[in-house]
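This report refers to the structure that appears directly beneath it.
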Amino acid sequence: MKNFEFHNPTKIVFGADTVARLSTLVPHDARVLILYGGASAEKTGTLAEVRAALGQRSVQEFGGIEPNPSYETLMRAVAQVRSEKLDFLLAVGGGSVIDGTKFVAAAALHDGEAWDIAERGGANIAQALPFGAVLTLPATGSEMNSGGVVTKKATHDKLSFRSPLLYPQFSVLDPSKTFTLPAKQVANGLVDAFVHTTEQYLTYPVQARVQDRFAEGLLQTLVEIAPQAVASPDDYETRANLMWTATLALNGLIGAGVPQDWATHMIGHELTALYDIDHARTLALVLPALLDVQREQKRGKLLQYGERVWNITEGSDDERISAAIAHTRAFFESLGIPTRLSAYELGQEAVEAVLKQLAAHGMTALGEHRDIDLARSRLILEAAL
Ligand code: NZQ
Ligand code: ZN
C-alpha cells in the first residue's frame with residue numbers, strides 16, 4: 001500500500017425528509033446564496049423546501065447553472081456574491097451545480113483573473129467561502145469531495161480544479177429527491193460512479209486489500225441495482241443505495257493508498273467540451289477502449305476484476321481479460337449508453353480534434369504509469385470509433 005493522508009470533513013445528512021435539517025446546518029446569521037440549475041429544482045418543489053427550511057435568514061438566489069457549468073455563467077454569480085456581500089453558498093442540484101458552487105466559493109475571494117483557478121487546477125486557491133449542498137442527482141461524488149470541473153464555453157476548455165478548501169461543510173442526501181430524474185440521468189449516474197471506481201481500482205496491484213474489496217463492492221452494487229434504478233423511479237431503497245454508492249465512489253476512501261488512473265476522465269472531458277456529450281457518456285466511450293489498449297499494464301487487476309466482479313473464471317488470461325472488457329461494454333450498452341463514437345456520428349476528425357485539445361491542455365502523460373501519451377490516446381480513441 002502507498003503512503004497516504006486521508007481527511008474528509010464533509011458532514012453527510014442522509015435519508016428521507018432531511019432537507020428540513022438545513023434549518024440548523026446553515027449558520028443563523030449567514031447571508032446565503034442558493035445556487036441551482038435550470039428548471040428542475042423549482043419544478044420538483046425542492047427549492048420551496050429549501051427556502052422554507054432557511055426561514056428568516058437573509059437569502060438570495062442564483063439560477064441557470066447549466067450542465068457542465070460555464071465560467072461565463074459562474075462569474076455572474078461571483079459578481080452577485082461580491083456586490084451583495086453574501087457569505088454562505090448553498091448548492092441545490094447535481095454535480096454541475098455543486099461544482100459551480102465550488103468555483104464561485106473560490107473565485108469570489110480570488111485576487112486577479114478567476115480563470116487562473118482552473119488553469120492552475122486549484123493550486124492557487126488561498127481561501128474560499130463556506131458552502132453546503134442539497135444533492136438531487138447521484139453521480140459525481142462532488143457532494144463529498146474537494147474537486148470540481150468548469151468549462152470556458154468560448155474556447156472549449158473543460159478543466160478540473162481541487163483544493164482542501166473546497167469540501168462542502170455538509171451535504172443533504174435525500175434519495176427521494178432523485179425520483180424526478182429522467183431515466184437517462186440515472187443511467188449516466190450509474191456509469192459515472194462505476195468509472196470513478198475503476199479509475200481508482202483498475203490500475204496495478206499494491207496489496208491494498210480492503211480498498212480493492214470496497215471498490216469491488218461498489219462495482220457489484222452498481223451492477224446489481226442498475227436495472228431497478230432505471231426502471232422504478234420511486235423505489236426508495238434502490239435510490240438510497242445508488243446515492244450512497246455514488247458518494248462512496250469518489251469521496252477519497254477507495255482512492256487512499258492506491259495508484260489512480262483518471263485517463264478516461266481526462267479524454268472524456270475533451271469530448272464533452274468539443275461535442276457536448278454528457279460527462280458519463282464520454283466515459284462509456286473511452287473506458288472499454290482504454291482497457292483494451294492498456295491490457296498489459298493492467299493485466300493483474302483486469303483478471304481480478306473479471307473474476308470478482310463478473311465471475312469470469314474460465315479461459316486463458318487473455319480470454320478472461322477480453323471477457324471482462326466485453327462485460328463492461330455490455331453493462332454500459334444495457335443502460336442505453338453507447339460505447340462507440342460512431343453512435344454520435346463522430347469519426348476520425350473527432351480523434352484529431354480531441355488529440356489537439358489534449359496537447360493544448362498538457363494531457364500528454366496520463367494514466368497510473370503516466371504512459372498514455374498522445375500516441376497512446378490516439379490508439380484509445382481509434383479503438384472507440
Ligand atoms: O438544470 P436542471 O433543470 O436542474 O436539470 C438537471 C440537468 O439538466 C437535471 N437534474 C438534476 N437533478 C434533477 C434533475 N432533473 C430532475 N430531477 C432531479 N432531481 O439533470 C441534468 C444533469 O445535471 P448535472 O448536474 O449536469 O449532472 P451530473 O451530476 O452528472 O454532473 C455532471 C458534471 O459534474 C462533473 C462533470 O464533468 C460535469 O460537469 N464532474 C464532477 C466531479 C467532481 N466534482 O468530483 C467528478 C466527475 O467525474 C465529473 O467530472
Ligand atoms: Zn466522472
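Summary table
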item: Some residue of region 212-227 being open to solvent by 30 Å² or more (accessible area, probe 1.4 Å), in the same structural domain as Leu250 (by TED's automatic domain parsing) and closer than 27 Å to Leu22 by Cα; result: no
item: Those residues of region 1-59 which are open to solvent by 50 Å² or more (accessible area, probe 1.4 Å), charged (D, E, K, R) and in a loop (DSSP other than H, G, I, E, B), in sequence order; result: Lys2, Glu5, Asp17, Asp29
item: Where a residue in region 314-328 is in the same structural domain as Pro338 (by TED's automatic domain parsing) and its partner, wherever it lies, is buried (at least 18 other Cβ atoms within 10 Å of the Cβ) and outside any helix (DSSP H, G or I), with Cβ under 6 Å and at least six apart; result: Arg320/Ile312; Ala323/Ile312; Ala324/Ile312
item: Failed item in (1) crowded, with 19+ Cβ neighbours inside 10 Å; (2) among the small types (Gly, Ala, Ser); (3) over 20 Å from the mean Cα position of the chain (by Cα), with Ala126 passing the rest; result: (1)
item: All positions within region 147-178 that are open to solvent by less than 10 Å² (accessible area, probe 1.4 Å) and away from ligand 2 (no atom under 15 Å from the Cβ); result: Ser163, Leu166, Pro168, Phe170, Ser171, Val172, Leu173, Asp174, Pro175, Thr178
item: Members of region 364-385 that are surrounded by 21 or more Cβ atoms within 10 Å (Cβ to Cβ) and either closer than 21 Å to Glu119 by Cα or of a type in the set (A, V, I, L, M, F, W, C) (or both); result: Leu366, Gly367, Ile372, Ile380, Leu381, Ala384
item: Some residue of region 134-148 being among the small types (Gly, Ala, Ser), modelled with pLDDT of 95 or more and more than 9 Å from ligand 1 (Cβ to nearest atom); result: no
item: Any helices (runs of 4 or more DSSP H) falling wholly within region 186-294 and containing at least 1 residues that are away from ligand 2 (no atom under 14 Å from the Cβ) and among the aromatic types (Phe, Trp, Tyr); result: 209-231, 236-249, 263-275
item: Residue in region 304-323 that is under 23 Å from the mean Cα position of the chain (by Cα) and open to solvent by 70 Å² or more (accessible area, probe 1.4 Å) present; result: no
item: Selection within region 60-83 - open to solvent by 70 Å² or more (accessible area, probe 1.4 Å) and either assigned to a loop (DSSP other than H, G, I, E, B) or over 18 Å from Thr151 (Cα atoms) (or both); result: Pro67, Arg82, Ser83
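The values are calculated or read from the model by the stated rules, or taken from the named source; none is laboratory data. This structure is a prediction, so every number in the text was calculated from the model and none was measured. Glycine gets a Cβ as well: all are built from the backbone with ideal geometry, and neighbour counts include every protein chain shown. Each accessible area value is taken on the protein alone, full model and side chains, heavy atoms only, with ligands, DNA and RNA left out. Shrake-Rupley method; radii C 1.70, N 1.55, O 1.52, S 1.80 Å.
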